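The values are calculated or read from the model by the stated rules, or taken from the named source; none is laboratory data. These numbers come from a predicted model, not from an experiment. Ideal geometry is used to build each Cβ from the backbone, glycine not excepted, and the neighbour counts take in all protein chains shown.
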Ligand SMILES: *Cc1c(COP(=O)(O)O)cnc(C)c1O
């Protein structure tokens with residue numbers, strides 16, 4: 001018994017084995033989305049799957065394996081630790097860390113063939129003494145207007161290239177890249193300015209890195225004219241449309257996430273009584289109220305009061321404030337405890353998209369999915385057709 005409990009506690013997913021709340025991940029949808037992207041782009045353009053932040057909350061290793069099956073050539077992550085998780089779990093494909101890693105970890109990265117993003121010459125100078133036998137693969141980041149990391153001018157970039165040329169024993173110049181700030185909407189002018197800036201940078205380049213990449217999902221879907229030879233595919237993997245339906249997609253994206261639970265408590269509330277913290281909701285007439293075992297600590301945004309869930313193919317309004325672990329909805333009539341509830345996904349002919357939640361919560365779709373907490377087990381649904 002004791003060792004069983006120990007096992008449960010060691011497996012964070014199992015911490016929620018006894019609550020009906022779960023995120024169902026369709027590996028088939030992920031496969032479809034990645035496969036469609038690869039089919040759509042030039043045959044000599046490679047796709048690196050962006051699996052940072054636990055693959056946007058969908059589960060890093062499970063997603064990585066499906067992406068490999070679907071034909072991706074490598075992975076992008078945000079931190080060195082995320083890259084180590086991939087390597088420690090037997091993934092041998094190229095891995096690029098998109099964020100800046102402390103230069104003293106350069107040898108650790110090179111020993112595991114992990115590529116690092118570099119944004120200034122100082123970083124190269126700091127890393128150089130740490131490197132010995134194995135060359136470190138680097139991708140130079142160019143700041144064309146995102147204003148986050150990267151070389152600020154073609155002159156700075158040129159200096160770094162010269163420095164690399166003098167230190168080819170230590171650095172393998174494998175890539176050069178930039179990131180667009182407005183590829184997902186109708187702000188074409190800013191996008192064009194970034195493109196122009198990119199070309200100015202590229203004019204000073206004399207070495208030939210293997211990977212030249214500018215595209216996140218939005219750039220790849222909506223600005224195919226400037227794809228480079230590698231695509232950093234993020235939200236598209238998960239079936240999330242970066243334009244929120246504003247722009248036309250070259251192929252359909254299949255949402256890969258369903259968030260479900262079951263009613264944990266049902267009661268009859270008489271008119272005049274209130275619900276939840278702050279008593280912000282008061283019943284105008286007698287009504288049935290259901291309680292759901294999920295709350296903001298699970299990543300379900302607290303500001304969704306007034307939004308809805310799906311029960312028995314009907315939208316049910318969220319009434320009262322969302323609590324840390326539970327919240328309440330108004331039911332059209334009495335339902336039994338354990339009646340299924342859909343928070344994200346479809347139920348009959350109705351659906352609730354991540355996009356709708358993000359819009360109501362005034363945030364980005366990626367924030368909604370990455371916030372799904374460790375208390376929500378990920379259940380992987382596979383179809384034998386593609387595995
Ligand atoms: C996160 C990230 C991506 C992936 O972006 P999506 O919009 O999710 O496709 C690509 N490139 C960089 C530099 C990133 O930080």
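So the values come out like this:
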| read-out | value |
| --- | --- |
| Checklist (1) free of Cβ contacts under 8 Å to residues at least 40 places away in the same chain; (2) assigned to a loop (DSSP other than H, G, I, E, B) applied to residue 291, failing item | (2) |
| Criterion: touching a residue at least 24 places away in the same chain (Cβ under 8 Å), under 30 Å from residue 204 (Cβ atoms), part of a helix (DSSP H, G or I) and within 16 Å of the ligand (Cβ to nearest atom) - qualifying residue of 83, 64 | 83 |
| Counted residues, segment 274-285 - those being in contact with a strand residue (DSSP E or B) (Cβ under 7 Å, 6 or more places away or on another chain) and not in a strand (DSSP E or B) | 2 |
| Segment 225-237, subset at pLDDT 95 or above and either farther than 26 Å from residue 27 by Cα or outside any helix (DSSP H, G or I) (or both), residue farthest from the ligand (Cβ to nearest atom) | 229 |
| Selection status of residue 77, buried (at least 18 other Cβ atoms within 10 Å of the Cβ) and closer than 21 Å to residue 30 by Cα | yes |
| In segment 238-251, the residues that are more than 12 Å from the ligand (Cβ to nearest atom) and more than 14 Å from residue 35 (Cα to Cα) | 244, 245, 246, 247, 248, 249 |
| Enumeration of residues in segment 210-224 that are within 16 Å of the ligand (Cβ to nearest atom) and outside any strand (DSSP E or B) | 214, 216, 217, 218, 219, 220, 221, 222, 223, 224 |
| Any hit, segment 255-270, residues being without any contact (Cβ under 8 Å) to a residue 12 or more places away in the chain and surrounded by fewer than 18 Cβ atoms within 10 Å (Cβ to Cβ) | no |
| From the options 170, 158, 210, residue that is surrounded by 21 or more Cβ atoms within 10 Å (Cβ to Cβ) and over 22 Å from the mean Cα position of the chain (by Cα) | 170 |
| When residues of segment 21-40 are limited to those that are more than 19 Å from the chain's Cα centre (by Cα) and surrounded by fewer than 19 Cβ atoms within 10 Å (Cβ to Cβ), the one nearest to the ligand (Cβ to nearest atom) | 40 |
| Looking only at segment 222-233, and only at residues there that are touching a helix residue (DSSP H, G or I) at 6+ places or on another chain (Cβ under 7 Å) and crowded, with 23+ Cβ neighbours inside 10 Å, the one that is nearest to residue 364 (Cα to Cα) | 233 |
| Residue selected from segment 135-183 under the condition part of a loop (DSSP other than H, G, I, E, B) and over 30 Å from residue 242 (Cα atoms), by the criterion farthest from the ligand (Cβ to nearest atom) | 169 |
| Residue in segment 253-266 that is outside the structural domain of residue 315 (by TED's automatic domain parsing), within 12 Å of the ligand (Cβ to nearest atom) and at negative phi present | yes |
| Residue tally, condition touching a strand residue (DSSP E or B) at 6+ places or on another chain (Cβ under 9 Å) and away from the ligand (no atom under 16 Å from the Cβ), over segment 198-208 | 4 |
| Segment 113-134, residues that are assigned to a loop (DSSP other than H, G, I, E, B) and touching a strand residue (DSSP E or B) at 6+ places or on another chain (Cβ under 9 Å) | 113, 119, 120, 131 |
| Hits in segment 347-373 (condition: within 16 Å of the ligand (Cβ to nearest atom), surrounded by fewer than 20 Cβ atoms within 10 Å (Cβ to Cβ) and in a helix (DSSP H, G or I)) | 355, 358, 366, 367, 370 |
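The rows are residues; the columns are (1) within 21 Å of residue 26 (Cα to Cα); (2) out of contact with any helix residue (DSSP H, G or I) (no Cβ under 6 Å at 6 or more places or on another chain); (3) in contact (Cβ under 8 Å) with a residue 60 or more places away in the chain.
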residue: 312; (1), (2), (3): no, yes, no
residue: 315; (1), (2), (3): no, yes, no
residue: 319; (1), (2), (3): no, yes, no
residue: 323; (1), (2), (3): no, yes, no
residue: 326; (1), (2), (3): no, yes, yes
residue: 340; (1), (2), (3): yes, yes, yes
residue: 349; (1), (2), (3): yes, yes, no
